[in-house]
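Okay, structure first, notes after.
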Amino acid sequence: MAVMDFLVNKMGFNSTLIAKQLSILRVSMEKVIVPRALFAQELLSRVSEDKIMAIMDFLVNKMGFDSTLIAKQSSILHWSLEKRIVPRALFVQELLSRGLINDLKLSVLFDTSEKVFLRCLLIVMRMKNQSS
């Protein structure tokens with residue numbers, strides 16, 4: 001409760017209001033984080049260690065992604081390295097190197113259907129061309 005004491009004593013906040021907000025935050029976090037962690041654990045239990053290492057090696061060492069981003073987006077490990085991850089990552093890397101896009105979220109890059117993925121890229125590229 002050091003944060004609560006600081007906010008009440010040093011900053012002059014209302015302790016009752018802060019307690020209520022912290023309760024809401026705690027419940028919200030439990031509803032979001034716990035199911036997400038259980039889902040990630042279930043997903044990882046179905047993926048071999050060799051596959052995890054191969055995907056991490058490619059995305060971190062060859063593509064330069066931050067490993068913590070991949071850990072947060074563990075659904076990536078479900079996809080095929082050869083059929084989905086490598087082709088999409090190389091395609092986006094080429095678009096980035098040409099300046100056609102600035103960045104792309106991992107969820108858009110790997111967790112969307114082929115149709116949605118291409119549609120998102122077309123929209124981004126059109127917006128980039130219109131602003132140039």
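The values are calculated or read from the model by the stated rules, or taken from the named source; none is laboratory data. Just so you know, these numbers come straight off a predicted model, no measurement behind them. Neighbour counts run over all protein chains shown; Cβ positions are idealised from the backbone, glycine included. To get the accessible areas, we keep the full protein, side chains included, count just its heavy atoms, and leave off ligands, DNA and RNA. Shrake-Rupley method; radii C 1.70, N 1.55, O 1.52, S 1.80 Å.
Mind checking which residues of the range 45-60 are open to solvent by 60 Å² or more (accessible area, probe 1.4 Å) and not charged (D, E, K, R)? Residues satisfying the conditions are S45, S48, M53.
Taking (1) part of a helix (DSSP H, G or I); (2) in contact with a helix residue (DSSP H, G or I) (Cβ under 7 Å, 6 or more places away or on another chain) in turn, Q130 satisfies each apart from (2). Within the range 51-77, residues that are polar (S, T, N, Q) reach partners that are open to solvent by 40 Å² or more (accessible area, probe 1.4 Å) and not in a loop (DSSP other than H, G, I, E, B) with beta carbons closer than 7 Å, at six or more positions or on different chains, in the pairs S67/M56; S67/V60; Q73/S107; S74/L44. Which one is most open to solvent (accessible area, probe 1.4 Å), of the residues in the range 99-119 that are free of Cβ contacts under 8 Å to residues at least 24 places away in the same chain and hydroxyl-bearing (S, T, Y)? This residue is S113.
Looking at the structure I just gave you, is S80 open to solvent by less than 80 Å² (accessible area, probe 1.4 Å), over 16 Å from the mean Cα position of the chain (by Cα) and modelled with pLDDT of 85 or more? I'd like the intermediate steps shown before the answer.
Values: open to solvent by less than 80 Å² (accessible area, probe 1.4 Å): yes; over 16 Å from the mean Cα position of the chain (by Cα): yes; modelled with pLDDT of 85 or more: yes.
Yes.
Among the residues of the range 29-67, those that are small (G, A, S) and at pLDDT below 85 comprise A37, A40, S45, S48, S67. The residue that is farthest from F58 (Cα to Cα), counting only those in the range 107-125 that are part of a helix (DSSP H, G or I) and in contact with a helix residue (DSSP H, G or I) (Cβ under 6 Å, 6 or more places away or on another chain), is C120. Of the candidates I70, I101, I24, the single residue that is over 14 Å from the mean Cα position of the chain (by Cα) and at pLDDT 75 or above is I101.
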